[in-house]
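A.B. asks: Attaching a single structure in structure tokens format; questions to follow.
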Amino acid sequence: MNSPAARLMQNRLFSQIYEKLWRPVFTRGFSLGGSATADYDRALRAYLARPGERAVLDVACGPGNYAADAVRGLTGRGHYVGLDFSAPMLAEAARVHDHPRITFIRGDAHHLPLTADSFDTATCLAALYLIPDPLPVLDEMFRVLRPGGELIVFTSVDASVAGLPGVDAVAGLTGLRIFGRREIVDHLEKLGMMHVEQTITGTGQYVHAHKPA
Ligand SMILES: C[S@@+](CC[C@H](N)C(=O)[O-])C[C@H]1O[C@@H](n2cnc3c(N)ncnc32)[C@H](O)[C@@H]1O
């Protein structure tokens, strides 16, 4: 928890401006000014909002950036749990998202305080690159997913093969980790996940995978 970016997540003022001011600009930055990441993000929000009875876990939820979308289409006993270890982020999340289907809990993504096989969807968006030891977080998400459940990740990716400059410099300055192109995909496949789909949007990647039914 020592990088400048990781320290920022503990700042109360930052937690209050994160969702409306910082995240949209940061999202656009992943496509170096283009719209691929923002476009995918919009599609993801619509996907999360589809109708259904689901238990949704949002690992490293921050101020609950996806909470409203994730509960919009929920039916029956469907619910959303956001987990984060930053108290200021969780305070902001609870202030903004007061809804009977939404719960926020404090915890470490490496040791989810949750039962195995209990969620239909587990997301970890814009957070893995802040976590010094990120791959065990995917193991934990896999553990708590029900058979047939889906995992959705948004994180960084090494875009150097596309000739994009400055990725190492950004990583060095912010402490953000840049994942190798196959690193997340290979890890999920090693866990036994199926239908692992990767979409690269510049220096960002979305990965969608399913736990075998
Ligand atoms: C950039 S924010 C992302 C918030 C939200 N998921 C989004 O997409 O906008 C990253 C979040 O990861 C959280 N975080 C970092 N390491 C964590 C860990 N080991 N366990 C739980 N949360 C963590 C930080 O506190 C911060 O709220």
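The values are calculated or read from the model by the stated rules, or taken from the named source; none is laboratory data. Since we're looking at a predicted model, the values are computed, not measured. With ideal geometry, Cβ positions are generated from the backbone for all residues, glycine too; neighbour counts draw on all protein chains shown.
A.B. asks: Residue pairs, Cβ under 7 Å, 6 or more apart or interchain, first in region 72-87 and more than 17 Å from Q16 (Cα to Cα) and within 13 Å of the ligand (Cβ to nearest atom), second of a type in the set (A, V, I, L, M, F, W, C) and part of a helix (DSSP H, G or I). List them.
C.D. replies: Close Cβ pairs (under 7 Å, with a partner that is of a type in the set (A, V, I, L, M, F, W, C) and part of a helix (DSSP H, G or I)) amount to Y80/A67; Y80/A70; Y80/V71.
A.B. asks: Of the conditions (1) within 26 Å of V157 (Cβ to Cβ); (2) touching a Cys at 6+ places or on another chain (Cβ under 8 Å), R42 fails just one. Which one is it?
C.D. replies: Evaluating R42 over (1) within 26 Å of V157 (Cβ to Cβ); (2) touching a Cys at 6+ places or on another chain (Cβ under 8 Å) leaves (2) as the failure.
A.B. asks: If I ask for residues that are away from the ligand (no atom under 12 Å from the Cβ) and either of a type in the set (V, I, T) or over 17 Å from Q205 (Cα atoms) (or both), which ones from region 26-46 would you list?
C.D. replies: A46
A.B. asks: Sticking with this structure for a sec: Determine whether R7 is within 12 Å of the ligand (Cβ to nearest atom), within 16 Å of the chain's Cα centre (by Cα) and either over 26 Å from T203 (Cα atoms) or at pLDDT below 95 (or both).
C.D. replies: Answer is no for this residue.
A.B. asks: May I pose another question? Six or more apart or on different chains, Cβ atoms under 6 Å: show the pairs whose first residue is in region 52-71 and more than 14 Å from P100 (Cβ to Cβ) and whose second is part of a loop (DSSP other than H, G, I, E, B) and within 11 Å of the ligand (Cβ to nearest atom).
C.D. replies: D58/Y66; V59/A109; A60/A109; A60/A127
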